[in-house]
Amino acid sequence: MFRIARLCLSTGSCSETSLGTALPCRALWTSSVCQHAEPAVSDQPIEASTSPAHALGAIRTTWTREEVHQVYDTPLLELVFRAATVHRMHNDPRMVQRCTLLSIKTGGCPETCTYCSQSSSWRKETGLKAEKLMDLEEVYQAAVRARDSGSTRFCMGAAWRGPSQVGKGQWNRVLDMVSRIRGLGMEVCTTLGMLTPEQAKQLREAGLTAYNHNLDTSPEYYSKITSSRKYEDRLDTLDSVRKAGISVCAGGIIGMGEGSMDRVGLLHQLATLPEHPESVPINALVAVKGTPLQDQAPPSALDIIRCIATARITMPRSVVRLSAGRLNFSRSDQALCFMAGANSIFDGDKLLTTPNNERNEDLEMFETLGLRSRPAFLPYASGGETSNGGCTLPEEAHGLQQAAL
Ligand code: SF4
């Protein structure tokens, strides 16, 4: 680990703080002249902050919204530099997980998320037909293909308000999907809407590694995004997931017309959950024709990079996932995302109902950038004892992990 000394041209006492937070400027002094500006690399370890609890890279859930705002507002290159430093304190920066997301039940959703093509509220405008829950075997074979192509996490999404809206037969089929795919040695994640504590427990017993339930945006902006549920409902489901011993996947969507304070509000919510989510997807809105947000311009890659960097600094050990909307990003854009701390992508040509990057292009990008695929079940550093969903690692997963290493 190198120490990066930031030098300042001013003379006398330099009172600057870095990152706009309580982080001290690492100005390097020689006699009375603070020598400025360009980063210098030394072989000394990164020095400890005078306030260890608030030092760069410290794990805490006590962030104030103002602190998160100050991080978010840092000049972009400085922000990326800081985030890259934190990333290296807690993660192997070359390791990026490749995940696959499959829609196991498409369309016909009773919820009213304005960004989503699967809501039945605007099915006439989107033309998306509701489909039935996929067969177990079909889903299993999709997971086998994903595993064989190097994906180590398989995520299944159902367009439901929650499992409570479906009968026992469908619910048991989903539990069977979880168990069988877990037997492939993959991490298994589902996103099925709102869960009761009992449903979370059943998923846990089936072997689920993680449950995705995004907060989407800030509490203040949430009512502009959906009218069919409340922010508290989202938090309640995350609480049920955590208490069941499943690792938490929660992030948001950028580019839904929200302001920067809403982005800060979202990241603040995530960073102040009782434990940081093990997984934080950062999505760029993919505006789908026929949805209420169809005319939203896509967020810029730099907006996404800023959010990723802020997530990395405020949740140093979480897996930050560069998720939907990546298709609009150049390879250089994505390189900056990885530099800012993103350590996962979704691969495969579809993300639920929207297009995604070609797998071969991603493999080329990994080669060019010197990235390696993160193996399944590499222990998650965040989230305390529930980090791996508390599940026993199957023997064959051990084998896969060793092979990937
Ligand atoms: S985001 Fe999920 S809950 Fe909302 S409408 Fe789409 S499928 Fe339904």
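Okay, here's what the table says:
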item	result
Between segment 262-315 and segment 104-137, the alpha-carbon center distance in angstrom	23
Label point at Lys124 placed 7 Å out along Cα→Cβ; residues across segment 262-301 whose backbone nitrogen lies under 20 Å	288-295
Charge dipole magnitude, Cβ of K and R +1, D and E -1 - segment 95-404, Cα centre, debye nearest 20	300
Contact order relative to length of segment 95-404, as percent, for alpha carbon pairs under 8 angstrom and 6 or more apart	22
Three-way shape call for segment 166-321 based on the alpha-carbon gyration tensor, with the a/c threshold at 1.5	prolate
Given Lys105/Lys201; Lys105/Lys129; Lys132/Lys289; Lys124/Lys168; Lys124/Lys230; Lys132/Lys201, the pairs whose alpha carbons are separated by over 18 Å	Lys105/Lys201; Lys132/Lys289; Lys124/Lys168; Lys124/Lys230; Lys132/Lys201
Furthest towards positive pole of dipole, Met134, Ser117, Gly107, structure part segment 73-135, Cβ charges	Met134
Ellipsoid semi-axes in whole angstrom, largest first, where each is sqrt(5λ) of the Cα gyration tensor of segment 262-318	25, 12, 9
Per-q log10 I(q)/I(0), segment 95-404, q = 0.10, 0.11, 0.13 Å⁻¹ (Debye; single scatterer per alpha-carbon; no solvent)	-0.49, -0.61, -0.89
Relative contact order (%) - segment 81-123, alpha-carbon pairs under 8 angstrom, separation at least six	23
Only Lys, Arg (+1) and Asp, Glu (-1) charged, at Cβ; segment 173-316 dipole about Cα centre in debye	260
Residues Arg161, Arg312, Arg182, sorted so that the one with the fewest Cβ neighbours within 10 Å comes first	Arg161, Arg182, Arg312
Nitroxide proxy distance, nm - points 7 Å out along Cα→Cβ at Thr354 and Ser300	1.9
Residue-span extension gain [Ser228 to Gln141] - 0.36 nm each, minus C-alpha spacing	27.9 nm
Dipole of segment 95-404, positive end: most advanced residue of Ser279, Ala376, Ala244 [Cβ charges, Cα centre]	Ala244
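Where a number appears in this text, it was derived from the coordinates with a stated rule and is not lab data. Given the structure is predicted, the values throughout are model-derived calculations rather than measurements. Glycine also receives a Cβ, built like all others from the backbone with ideal geometry; neighbour counts cover every protein chain displayed.
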